[in-house]
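Chemist: I have a structure I would like to understand better, so I am pasting it below and will then ask my questions one at a time.
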Amino acid sequence: MLRRTPEFRLIVLGSIMLAGILLLTGRLWYVQVARGDEYTSRIRSNSQVNVRLPSVRGEILDRNGIPLAENRSSVAVEFYLPDIVRAYREKHGKVPRRTYQTTVQGMMTEKSEPDIVKILNETVIKRLADLGIAEDYNAASLRLHYRNNTEVPFTYIEDLDFETMARFAEHQVDMPGVNVTVRPVRRYTYGALGAHFLGYVGAPNQVDKDEAARFTFYQSDMEGKTQLELIFDDELRGEAGARILQRDAKGKIQGEIERKEPRSGHNIQLTIDARIQYIAEKAMRVVRRGAAVVVDPNNGDILAMVSVPSFDPNSFIPAIAAADWNALIGDATNPLLNRATSGYAPGSTYKVLPALAGLRKGLGERSFTCSGGVKYGKHMLKCTGTHGTIGLTSALRVSCNSFFCLYGNAAGIDELNAVGNMLGLGQKSGAPISGEFGGILPGPEWLSKQNLREQWSTGQTANTSIGQGFVLASPLQMAMVAATVANWGTSYYPRIIDKVVAQDGTVLREEPVKIRANLLENGFTIEQIGVVRTGM
């Protein structure tokens, strides 16, 4: 057995110290060299704040480049609630909690969560109140937001005015979790003008949680909710940007390290002429309830499409108030309804159809006698007057019901429907307009699907020929019928989108002019169309 001399003890102690130094050196090498990049990244991420910058939505322009839907800048104060809770815990050691009732798998369950209202009031709101820039907020909305949308900042103040913004800057309100941000907000330039085809935007129904988790402050993009804003949402949306900010040990923002600007979406140019739209809307608002469509007969371009009463889509930005929404849907005049694409009995405007059908059938200027009405069975279809013996051109001019009841029956319901199909009646127009009604082009086959026991009659053909009975058409459809006669027989599909244009002016897609049918290639002559034009 070795004697434990002082020299021996020194050797053992030195060996232990050497082993410790070697172990420490190895660990330092592992942390600083082998996994240095990883740990550096972790440290950097803990001291940095990633802010998502929402994309800038493309504009919707009229045919002359006048913006109908554009963007404005809005300054907002946002609270990133996890940071506020973390700062409270670091200062006080723990956070106050509260219990609440919720349903889990159909069972009422009691859960616990940080009392975010108490935490906020004792820290951020108290500080803002001392500075005289605190505002009321909805405590229930705050709790719900913290519970369900933790990754998304809670918007405290929207559209910060210059004076309040200056006071924020003056007092350097840079508390953890408090962020003053500038973001784009949709603006409908002329309020209710064109609201029924423009639509509106709103906050997304769902947030991409994977994307939100990559950011400290997550600002979502607005998404299209109705009409063109929704149908062309992919083209109008741009690409989000990002800011990387430096945060000190106390959680305060020191400055910006890096910035990637958001990319604007593409612009949508319409066939609408804002000047004509304005004139038409102004005229229709005198009537108070109705619709009007203005079409270029040379190509089917919709120059104006009006429905009154209307609504201001700006009221939906960023979200419509419950009281305003209830007022809209409770309004007896139904301002949300697009009357320009809804179905109505077209009345005398429909007489163009039997006129064309009779000419195609070879009836020409055949005359009928009007004695104030025509009787079918027990039903008398009254006329607008007593016109005596009358031909097609004069019957169109004076809108003689008696003539068209007889002329339409002479042509036959099958001929009426064949011409109606060429003109786009009884079918949707194909324009990118949500909720469009295709109309009804009635006849024996249609009636048998509605009621097997009822047989089509000459009285129903007569009623159809004067735009009454079962027939339904939209103002847009009847405008296209008139345009077909005006341009000597070319039935176009209506066009409301002209082109999609990138921010640098590059035309990415152009909507072509499309022809539904050419009457001259379907049994009509120029002379026959001229007869109808003269009567109109």
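Chemist: Take the residues of region 177-217 that are among the hydroxyl-bearing types (Ser, Thr, Tyr) and open to solvent by 10 Å² or more (accessible area, probe 1.4 Å): which is farthest from residue 152 (Cα to Cα)?
Modeler: 190
Chemist: So which residues in region 512-522 are outside any strand (DSSP E or B) and either open to solvent by 70 Å² or more (accessible area, probe 1.4 Å) or modelled with pLDDT under 95 (or both)?
Modeler: Residues satisfying the conditions are 512, 513, 514, 520, 521.
Chemist: Further question on the same structure: Is there any pair linking a residue in region 375-396 that is over 18 Å from residue 350 (Cβ atoms) to one that is acidic (Asp, Glu), with Cβ under 6 Å and at least six apart or on different chains, and which?
Modeler: Correct list of pairs: 391/365.
Chemist: Can you say whether residue 315 is hydroxyl-bearing (Ser, Thr, Tyr), in contact with a His (Cβ under 7 Å, 6 or more places away or on another chain) and not in a loop (DSSP other than H, G, I, E, B), as far as the supplied structure shows?
Modeler: No: the conditions fail for residue 315.
Chemist: Going through region 303-333 one residue at a time, which ones are open to solvent by less than 20 Å² (accessible area, probe 1.4 Å) and in contact with an Asp or Glu (Cβ under 8 Å, 6 or more places away or on another chain)?
Modeler: 304, 306, 308
Chemist: Continuing with the same structure: Within the group 442, 494, which residue is open to solvent by less than 40 Å² (accessible area, probe 1.4 Å), within 39 Å of the chain's Cα centre (by Cα) and more than 30 Å from residue 273 (Cα to Cα)?
Modeler: Just a single option satisfies the conditions, and that option is 442.
Chemist: What do you reckon, is residue 388 over 38 Å from the mean Cα position of the chain (by Cα) and at positive phi?
Modeler: Judged against the criteria, residue 388 is a match.
Chemist: Have a look at 362, 377 and point out the one that is modelled with pLDDT of 95 or more, over 47 Å from the mean Cα position of the chain (by Cα) and open to solvent by 50 Å² or more (accessible area, probe 1.4 Å).
Modeler: Step by step, each of 362, 377 is checked, and only 362 is modelled with pLDDT of 95 or more, over 47 Å from the mean Cα position of the chain (by Cα) and open to solvent by 50 Å² or more (accessible area, probe 1.4 Å).
Chemist: Please state which of the following conditions residue 437 fails to meet, knowing it meets all the rest: (1) free of Cβ contacts under 8 Å to residues at least 40 places away in the same chain; (2) surrounded by fewer than 24 Cβ atoms within 10 Å (Cβ to Cβ); (3) among the hydrophobic types (A, V, I, L, M, F, W, C); (4) closer than 19 Å to residue 345 by Cβ.
Modeler: (1)
Chemist: How do the pairs read when you match residues in region 406-421 that are free of Cβ contacts under 8 Å to residues at least 60 places away in the same chain and within 11 Å of residue 443 (Cα to Cα) with residues anywhere that are open to solvent by 20 Å² or more (accessible area, probe 1.4 Å) and not in a helix (DSSP H, G or I), using Cβ under 8 Å and keeping only pairs 6 or more apart or on different chains?
Modeler: Qualifying pairs under 8 Å: 413/456; 417/426; 417/441.
Chemist: Separate question: Of all residues in region 523-536, which are surrounded by 14 or more Cβ atoms within 10 Å (Cβ to Cβ) and assigned to a loop (DSSP other than H, G, I, E, B)?
Modeler: Hits for region 523-536 are 523, 524, 536.
Conditions tested, residue by residue: (1) more than 36 Å from the chain's Cα centre (by Cα); (2) surrounded by 13 or more Cβ atoms within 10 Å (Cβ to Cβ).
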position: 88; (1), (2): yes, yes
position: 92; (1), (2): yes, no
position: 103; (1), (2): no, no
position: 111; (1), (2): yes, no
position: 127; (1), (2): yes, yes
position: 132; (1), (2): yes, no
position: 142; (1), (2): no, yes
position: 150; (1), (2): no, yes
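The values are calculated or read from the model by the stated rules, or taken from the named source; none is laboratory data. Here the structure is a predicted model, which means the values were calculated and not measured. As a convention, Cβ positions derive from the backbone with ideal geometry for all residues, glycine included, and neighbour counts pool all protein chains shown. Ligands, DNA and RNA are excluded from the accessible area calculation, which covers all protein heavy atoms including side chains. Shrake-Rupley method; radii C 1.70, N 1.55, O 1.52, S 1.80 Å.
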